[in-house]
Amino acid sequence: MAVDADFSLGKVDVALTPSQRFTEFLQARGKRVTRQRRVIVDHVWSHHEHFDAEQLLDDLRRTPEGTNASRPTVYRTLAEMVDAGLLHKMVLDGRAVYEHDYGYPQHDHLYCSGCQRLIEFSSDDLVRIRDAVAASHQFRATGHKLIVTGICIDCRTSKAKSRHQDRV
């Protein structure tokens, strides 16, 4: 089997900005589009990184527009953003971690249980295997989420160094 040479993520065109999509989602449910919700959505979309609610709250409180962000509003807005299809929520080692979902292509993750780093990748070979397994069960796959857990090179190297130093 050939191995993908490029594991980078491509791009997906979307009709609405994340803010417009969230506004549409809230209005369809009779919810108000508050300034705090807008600040949270704009902040999340101005950074492309995996984060948890407490990190987001800390980041918001360091900005002039987010200094009054409340913990309940952040948690509630994150849940709404997941429901709206803007964010994907993953639970890793008991911690809820969020990432952009809207406008991002199908991709998977390598998760280092040592430093908690997440590495995104995309693999056509993996999609072919998924589709072959689905077909063998007369199942039509429309997507998947895969998290491969292990130890990254940095953690393996630092553990090897500390084991060597322990012997001295």
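The values are calculated or read from the model by the stated rules, or taken from the named source; none is laboratory data. Treat the numbers as computed from the prediction; the structure is a model and nothing was measured. Heads up, the Cβs are rebuilt from the backbone with ideal geometry, glycines too, and the neighbour counts pull from every protein chain shown.
Among the residues of region 37-52, which ones are assigned to a loop (DSSP other than H, G, I, E, B) and either surrounded by fewer than 15 Cβ atoms within 10 Å (Cβ to Cβ) or free of Cβ contacts under 8 Å to residues at least 60 places away in the same chain (or both)? So that I can check it myself, show each step before the final result.
Kept after step one, since they are assigned to a loop (DSSP other than H, G, I, E, B), are these residues of region 37-52: 46-50, 52.
Correct list: S46, H47, H48, E49, D52.
Would you mind stating whether V82 is outside the structural domain of E49 (by TED's automatic domain parsing) and in contact with a His (Cβ under 9 Å, 6 or more places away or on another chain)? Before you say what the answer is, go through the steps one by one.
Values: outside the structural domain of E49 (by TED's automatic domain parsing): no; in contact with a His (Cβ under 9 Å, 6 or more places away or on another chain): yes.
Criteria not met by V82.
So, of the residues in region 64-85 that are of a type in the set (G, A, S) and assigned to a helix (DSSP H, G or I), which turns out to be modelled with the highest pLDDT?
In the first step, residues of region 64-85 are kept if they are of a type in the set (G, A, S); the result is 66, 69-70, 79, 84-85.
Remaining after also requiring assigned to a helix (DSSP H, G or I): 66, 79.
On the way: G66: 85, A79: 97.
The qualifying residue modelled with the highest pLDDT is A79.
Restrict the check to region 117-127 and report whether at least one residue is at pLDDT below 95, loosely packed, with under 12 Cβ neighbours inside 10 Å and not in a helix (DSSP H, G or I).
No, region 117-127 contains no residue that is at pLDDT below 95, loosely packed, with under 12 Cβ neighbours inside 10 Å and not in a helix (DSSP H, G or I).
Checking C152 against (1) more than 17 Å from Q36 (Cβ to Cβ); (2) more than 12 Å from the chain's Cα centre (by Cα); (3) without any contact (Cβ under 8 Å) to a residue 12 or more places away in the chain: exactly one of these is not met. Which one?
(3)
Which one of these is at pLDDT 90 or above, polar (S, T, N, Q) and surrounded by 17 or more Cβ atoms within 10 Å (Cβ to Cβ): T23, T34, T17?
On the way: T34 fails: surrounded by 17 or more Cβ atoms within 10 Å (Cβ to Cβ); T17 fails: surrounded by 17 or more Cβ atoms within 10 Å (Cβ to Cβ).
Being at pLDDT 90 or above, polar (S, T, N, Q) and surrounded by 17 or more Cβ atoms within 10 Å (Cβ to Cβ) holds for just one of T23, T34, T17, which is T23.
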